[in-house]
Structure formats: structure tokens, C-alpha cells
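Structure record follows, encoded as C-alpha cells.
The values are calculated or read from the model by the stated rules, or taken from the named source; none is laboratory data. As the structure is a computational prediction, the values presented were derived from the model and not from experiment. Heads up, the Cβs are rebuilt from the backbone with ideal geometry, glycines too, and the neighbour counts pull from every protein chain shown.
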């Protein structure tokens, strides 16, 4: 009897427990804006050289970041609030990082007008002991791992001299050298030598110095009352160069000389022989040029040439001699309009022309000048490629970017034409023997030594032009995949496969054996060594793989002459691989719409991957949707795809409200995690969590018909989703921003298919937009509309009717749909007046339109309070028209300017 009662009680307990578990499973809540603060992104990821340690930071939408230092096969060793700029020592014994103050502390420092400083923490991974240095600007480990150089912030940032203390710490012996007034420092490649520049108050003790790290002996290489700049080691680490000079009050630029020395090594027994190159002593150095201290100093591999920047010296103009009036002269002969010059003023002020000094002959060769402003110099040969665009930059009817290419012998300065009117310069081969460019889908190679030009891809029988590139200019290729170790073999991407093309023979082959084309898988080579410039074709290579139609991704292994072999290939978006320098240990991300891109660890075979981060465990508490792919065909016959987010708790017997969000190609985001964050676009995860479908279709464009093309593809995709039974046809809205804002604005003038439209930062009048400046660059919008994203192919002066037919403003009379415009008044990409024009036209025509204008905001809302405000208003707007929710006051009646700070978006009607 007692047992029976006990069993009944136990059964009742189990029943109640199961009910509570079911109930608990049903308590997942829809995602709201208030929940966004809980979400973290991951930054500061690194893996130690031995592969045993990783670092990563969880960075929340609100609050302070947390840096984690963790064993790949163990628990977290240490955390640091707001840790950043992480680096491991080469022996994996040490990890260093800077630590910023908390956000609250930063606010107090700003209020007190005090500097915001970082501290350095140095952690011994073997002992778990940490040391700290206050007020640190930056740091570097030596390659030997024996030393770390730590530079502190200057005591007085307003001081004329740039130097501050550097602590050179011997990690083996616990010895620290304090070096004062250091402006710049660097270890050589092997980590056996340490060089630094002193820049002290009133030039007291200024100079270039060298420390032998085996003996800690200091060598003063050059000293004097000079300012030193651009200290540079060669790649091997046995040669050092720097500029030094004195500022003359009557001249704009400092008059510099070049110091260089060679045969440096640890344990030197011979005297260091200095070399000085002085422009004043070189009759071939053209006046009024001078060597600039802000032009980059670079060694070639052989250590026989140094390149540096030169520019014309100018006299300082006294303030009293400057023009009192303030006027910009916009002249029709200007190659760059005044607004472009204004934006680039600081860049122009620091612009230099590249020149080279041949150290053996002491011969100075100017490479760049006004006529040839861009030169690419090989570090492994005596050749360079120069670009001359004089004939093309003055022709305002022509596509921007055409140049004539020239070969330049950097020993003699001799120039020879390679080709005219080239749009796609592809650079110089790693061995410095070839210059490449593309022309009409072919890759052309110019051999410097014999001056011959040949079609490198003709023998493949394939056109390498990117067939999907729908901008109305010459199509680019799919790009260079890489080079062989000897630099004599080119690896070239096609749409799916990778080709091997010999430069010194007729040999060609398909590295991926046609597997990509056969399976519609895009293969791309992965460079695991960030310092490597080439690939060893005798060894297995890693390929990134992406399924063009399936949206699967992963990694394959390929060996030349064999078919690629899948290592991991799944219905996910696989992220970039970070490999440990000394082992095959790797870390990588994988994500889906549901799964945040956490990090995983494995080896290069991707065997038994293990998850090592868990940035957003709170997601389990919220409703979350999923995605499906939708295939559709547009009216022009293009077979396209879209990705469709389904609501949480999707029921196939129901039809749902839907938001269509678009730009250009969107289906490749099928497995992209939708991170809840504050910005100015709809978050698919949040809308799916709240009962919406979110459709993201692909768009392909016809020349001259950007709006009509978007209309075709967006409506075709929408019709397909309706046909498949997902969407409620009476409750579908559009949202687009920037170019997507243009498209959504055009679509609302052409169809009544959609219940409402939200358009952000929209281009609405192609005619007026054509002749105004793109504020961020200062350039006119005309070339963008003709030959870039606008895809018009002609100017409005050639076909005004075409421009008007594709302009939302000129079609506004056709609007029958309520719509909302977002625009920041300081938009530097799409002028705020474009939003105003559309609002004004619609208002004049009696259409239902609201413009949300955010003062002093750029192209994308930058202030968190404004981002949150717009997220609230956008959802209210969609909820009203797509879910029949009650409209708030700002939608029904508007808000007076005087009341805009008093009435929030949550107010539904007056008095509430």
C-alpha cells in the first residue's frame, strides 16, 4: 500500500516535472530591442605559434569587452576587461596585450578632460604570472622571444619633440633597459639587433642608435641636432636606413639626407661604416626636389636599392602675404574639381613621388612625376611599372581608370611602353620578371628582360572575364589566385576552378581538375602563412570551397595533378582559417542563420573540430527562425535565388507577413548569422523572432535600367514566395538602404504589390544627383551613375528620358503605397536633399509619406540613441501596415519640431 502510494506520488511528480519542462520549453520569448544589449561579437582572435593557446574577446553591444586567454584543450587561464592588441611571443611562452579603461571610467576621464591611457599586461603562460606597465602606447616582441620593447606615451603630447620612454625588457634575465625620448624603434628580422631613433627636447641627444641584444652594447650610428625619420630594416635584417635633416624656417619641407649602412650583425667585431647620401652633393638630383621625411623608405631584397619619397620644395608664405579673400576657383580645365581637391588637401600635402637610389653606383633615379604619378617597384628585380593617365583623366566622357603602362629600369631610368589604355593592371610577379594586366577577359604578360608582350591565357581556350560583372565597363577577371614558389607559374582563378599557367613554357593545367565547374563549387586558394608571397606546388594546398547554388561551404585539399578532396563541406558558412605558425593546429568559425560564428579548433585535416567559444548562450532563451533557399526566374529569364527567413514556430498551414530586404546579390548571405545590433537596417533574426518572413533576393542589372531591373527581380522573387504558400500577399513590405534605398524608392513608384515601403538614404533623382558631389570623396556623382553602381552607361545629356524613367522622383505620381524615408542630414554618400526631393514630390502629390530626418548623422546612423530610435520606429511602421497594429502618434499626426524632444516613438496618441 505504501509502495503504491509512493509510486503514484512519484508518477505525479514525473508528470508535473514533464509539464514544467514542456512549459519551460515554451517560454522562449520573441526578441526585442531591449534584448540586443546581451549579444556579443568576437574580436582579438589569435592562436599561439605552438597552437596550444588562443585569445578572443567577447564584445557586447553595451558594456565592456572581455579578453579571454585560453588553452585550446583546456579552460580559460585569464580574462581582462577591455584587453586589445594581443600578441604571442614566438616561443609561445608569453602573451601581451593592452588594457583600456572601462566605459564608465572613460566617461569620467572625458568629463575631466584627462587623457585616456592604456596599460600593458604581460602574462607568462607557463607560470600564470602577470606583470603590468602603465601608460603604454605600444609594444613588440623580438623574434627570439627574449626581448619585448614597450613604448610609453609621451609625458606631454603637445611637445615639439616626439620621443617617449621605451622599456627594453629581457624576459630571460628579468633585466630592463629604460631608453628615453624614443620616437621610433624596431627589431631586425632575426631579433638579434634593436634600432631606435631619439627625438628629444631641443634636439638634445638626437640620433640613430643600435643595440646588440646579445651584449646589450649600444652603437650610436649617427647623432646630431637633426630630426630622424623613416628608420627601416631590410628584410634580411643586416642593413639599416633612415632619413635625417633640419627644418629651415623659410622652407615648407625639411631638407633631408639619407643614412644607410650594411653588414650589421650580432657580435660585430668590425667598425660600422656609415654611408650618407646628400641631394646637395648630387648634380643629378633635380631642383627644387627634396627628400621628404613622410615618404616611405624601402629596401629591395638584394639590399642594393633604397626607394624614398621626393617632392618639390616650397618657400613658406608669410601670413601677411596670404590672400585675405577666401575663394575657390572652379575652372573647367580642372582635372580634379575643387571639392575633390578640398577632400584630398591633407593627402596632397603629404603626397610624394617615388625615387630610387642605386647604392652601388650612387645613382639617383626619379620614378614618379606629375605625368607618371603611380609606379609599382619590384623588390626582387631592377624593374618597375609606371602608369600614365594624362590622355584619359581629362576626358570627362570616358570611364575612369584607364592608363598607359610603361616598364622602367630602376638602374638606368629607361622607360618603354608596355600597353595603351589599360583598365585592369594586375601588378608584378613576385620574382620581378613579369608585369601583368587583363584585357577583354585575357591575362596579358609583359616580360621585362626581352620586352615581349604575350597572351598568357590564350592557350587555355577559356575567357577569364567575370561573367557576372554587370557594370557597363570592361569586365575584370576573377583575379590572381597566387604564384608558384619560383615565380615562374601563375595561378589564375576562373569562376569555379583554378588554372596553372607557366610563364616560360606553353604548359597549362587545371589545378582543381574541373571539379569546381562540374559541381558548381567555387574554389579559391587559402594562404595559411601571412608572410608568404607564393605557394609550393609540390605540396598539398588548402582550398576554400563555396557551393554556388547550394550555399554550402568548407575546405578541400588539392595536390597538383590530383582531384581536390573534401576535408569539411557543410550547409554552413565557414570562416577564415587561422593556423598556428609552428604546428597544424587551426582555429576557424562556422555559422548559420541560427548559429553564431563561434570559434572552433582542429588540425588541417579538420578532424574532430571542437568548439572553443560560446559568445551568446542567451540565444537559447529566445525564439529564432530558420532559412530556406528559394529558386526563381525573373521576367528576363535569369535563374536566380533568394534566401527566406522563416518565423520562429513556423506553421506551413499559415501565411505570414513578409519584409523584402535587398541590395544586389543577397542569396550568398543564406548562412550568415543575423546579429542583433544597433544600426539602421532590419535584423532578420529579430523580425523572424516576431512572426515575420524576411526575403532577401538576388538582383542582376541591365545597362541603363537599374530601377527596372530591381523591380523585375524583387517582384519575381516575391511572387514565387507567395506561390509557394509562405507569404500573406496583402501584408508584404520592402526595406532597402543606400543603393537598396534607391531600388525600394523606385519600386514603390511602379507597383502596388507591397503594403508599405521603408527606404533609407535613398538616391531618388538621377538627374539632379548626376551633377552634385559625393561629399565623402569630393568627386562628382556622374561617373558613379554612368560607369559604376548606377550602370546607366550614358549621361543625362545623351538620354535625359532614360534618366527620368529610372528616377523615383520623376515617377512619384504613380505611388499608391504609404512609405517611410530615413535620411541623415550629414550623409556624405547620398545627399540629404535626395530624400527631401522624394518627400517633397510625394507630399505635393498627396501621397502618404514620412521623412525621418536625423540631424548631423552620416550615411549610416552613428549615434546609438538614434539607431535605437529608428529600430523602434521602423518596427512600429511595419507592424502597423503588415500586422495591423495601432499606429503611434508620430505616424498618425506627426510631431511638431518644438515637441520632438518631448514625445517619444512609444506614444500611441495624444495624452498617453
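Summary of values
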read-out	value
Only listed residue being at pLDDT 95 or above and farther than 30 Å from residue 214 by Cα, chosen from 298, 304, 261, 290	290
Near pairs, Cβ below 6 angstrom, 6+ apart or cross-chain, from segment 813-835 (on the phi > 0 side of the Ramachandran plot) to any residue that is not in a helix (DSSP H, G or I)	none
Residue within segment 840-857 that is at pLDDT 95 or above, in contact with a strand residue (DSSP E or B) (Cβ under 7 Å, 6 or more places away or on another chain), buried (at least 19 other Cβ atoms within 10 Å of the Cβ) and assigned to a helix (DSSP H, G or I) present	yes
So residue 184, is it in a strand (DSSP E or B), loosely packed, with under 14 Cβ neighbours inside 10 Å and touching a strand residue (DSSP E or B) at 6+ places or on another chain (Cβ under 8 Å)	no
Only listed residue being more than 26 Å from the chain's Cα centre (by Cα), touching a residue at least 40 places away in the same chain (Cβ under 8 Å) and on the phi > 0 side of the Ramachandran plot, chosen from 362, 394	362
Hits in segment 665-703 - residues which are touching a helix residue (DSSP H, G or I) at 6+ places or on another chain (Cβ under 7 Å) and surrounded by fewer than 19 Cβ atoms within 10 Å (Cβ to Cβ)	677, 679, 700, 702
Tally, over segment 270-314, of residues that are crowded, with 18+ Cβ neighbours inside 10 Å, over 33 Å from the mean Cα position of the chain (by Cα) and under 14 Å from residue 244 (Cα atoms)	3
Among the candidates 547, 554, residue that is touching a helix residue (DSSP H, G or I) at 6+ places or on another chain (Cβ under 9 Å), under 26 Å from residue 667 (Cα atoms) and surrounded by 15 or more Cβ atoms within 10 Å (Cβ to Cβ)	547
Residue within segment 340-348 that is in a loop (DSSP other than H, G, I, E, B) and surrounded by 11 or more Cβ atoms within 10 Å (Cβ to Cβ) present	yes
Helices (runs of 4 or more DSSP H) wholly inside segment 725-822 containing at least 1 residues that are within 30 Å of the chain's Cα centre (by Cα) and surrounded by 17 or more Cβ atoms within 10 Å (Cβ to Cβ)	739-748, 766-770, 782-787
Where a residue in segment 861-872 is farther than 11 Å from residue 679 by Cβ and its partner, wherever it lies, is part of a helix (DSSP H, G or I), with Cβ under 8 Å and at least six apart	872/33
Leading residue by the ranking (surrounded by the fewest Cβ atoms within 10 Å (Cβ to Cβ)) among those in segment 26-62 that are in contact with a helix residue (DSSP H, G or I) (Cβ under 7 Å, 6 or more places away or on another chain) and part of a loop (DSSP other than H, G, I, E, B)	62
Qualifying residue in segment 886-893 (condition: surrounded by 14 or more Cβ atoms within 10 Å (Cβ to Cβ), under 21 Å from residue 825 (Cα atoms) and in the same structural domain as residue 828 (by TED's automatic domain parsing))	yes
Residues (outside any strand (DSSP E or B), surrounded by 20 or more Cβ atoms within 10 Å (Cβ to Cβ) and under 37 Å from the mean Cα position of the chain (by Cα)) located in segment 213-240	234, 239
Which listed residue, of 243, 210, is assigned to a strand (DSSP E or B) and within 36 Å of the chain's Cα centre (by Cα)	243
When residues of segment 310-335 are limited to those that are in contact (Cβ under 8 Å) with a residue 12 or more places away in the chain and in a loop (DSSP other than H, G, I, E, B), the one nearest to residue 781 (Cα to Cα)	335
Filter pass, residue 254 being more than 24 Å from residue 378 (Cβ to Cβ) and surrounded by 14 or more Cβ atoms within 10 Å (Cβ to Cβ)	yes
Among (1) touching a strand residue (DSSP E or B) at 6+ places or on another chain (Cβ under 9 Å); (2) closer than 21 Å to residue 306 by Cβ - the single one residue 370 does not satisfy	(2)
Among (1) surrounded by 18 or more Cβ atoms within 10 Å (Cβ to Cβ); (2) touching a helix residue (DSSP H, G or I) at 6+ places or on another chain (Cβ under 8 Å), the one test that residue 563 misses	(1)
Considering residues of segment 422-454 that are surrounded by fewer than 16 Cβ atoms within 10 Å (Cβ to Cβ) and modelled with pLDDT of 95 or more only, the residue farthest from the chain's Cα centre (by Cα)	450
Counted residues, segment 329-350 - those being at pLDDT 95 or above and either touching a helix residue (DSSP H, G or I) at 6+ places or on another chain (Cβ under 6 Å) or closer than 18 Å to residue 288 by Cα (or both)	1
Hits in segment 609-643 (condition: within 27 Å of the chain's Cα centre (by Cα), farther than 16 Å from residue 675 by Cβ and not assigned by TED's automatic domain parsing to the domain that holds residue 722)	611, 612
Qualifying residue in segment 675-688 (condition: in a loop (DSSP other than H, G, I, E, B), within 23 Å of residue 723 (Cα to Cα), modelled with pLDDT of 95 or more and in contact with a strand residue (DSSP E or B) (Cβ under 7 Å, 6 or more places away or on another chain))	no
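Residues are listed down the side, and each one gets a yes or a no for (1) surrounded by 11 or more Cβ atoms within 10 Å (Cβ to Cβ); (2) modelled with pLDDT of 95 or more; (3) under 29 Å from the mean Cα position of the chain (by Cα):
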position	(1), (2), (3)
77	yes, no, no
83	yes, yes, yes
90	yes, yes, yes
98	yes, yes, yes
106	yes, yes, yes
118	yes, yes, yes
121	yes, yes, yes
126	no, yes, no
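Conditions (1) more than 32 Å from the chain's Cα centre (by Cα); (2) closer than 23 Å to residue 225 by Cα, marked per residue:
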| position | (1), (2) |
| --- | --- |
| 146 | yes, no |
| 155 | yes, yes |
| 167 | yes, no |
| 170 | yes, no |
| 174 | yes, no |
| 188 | no, no |
| 191 | no, no |
| 203 | yes, yes |
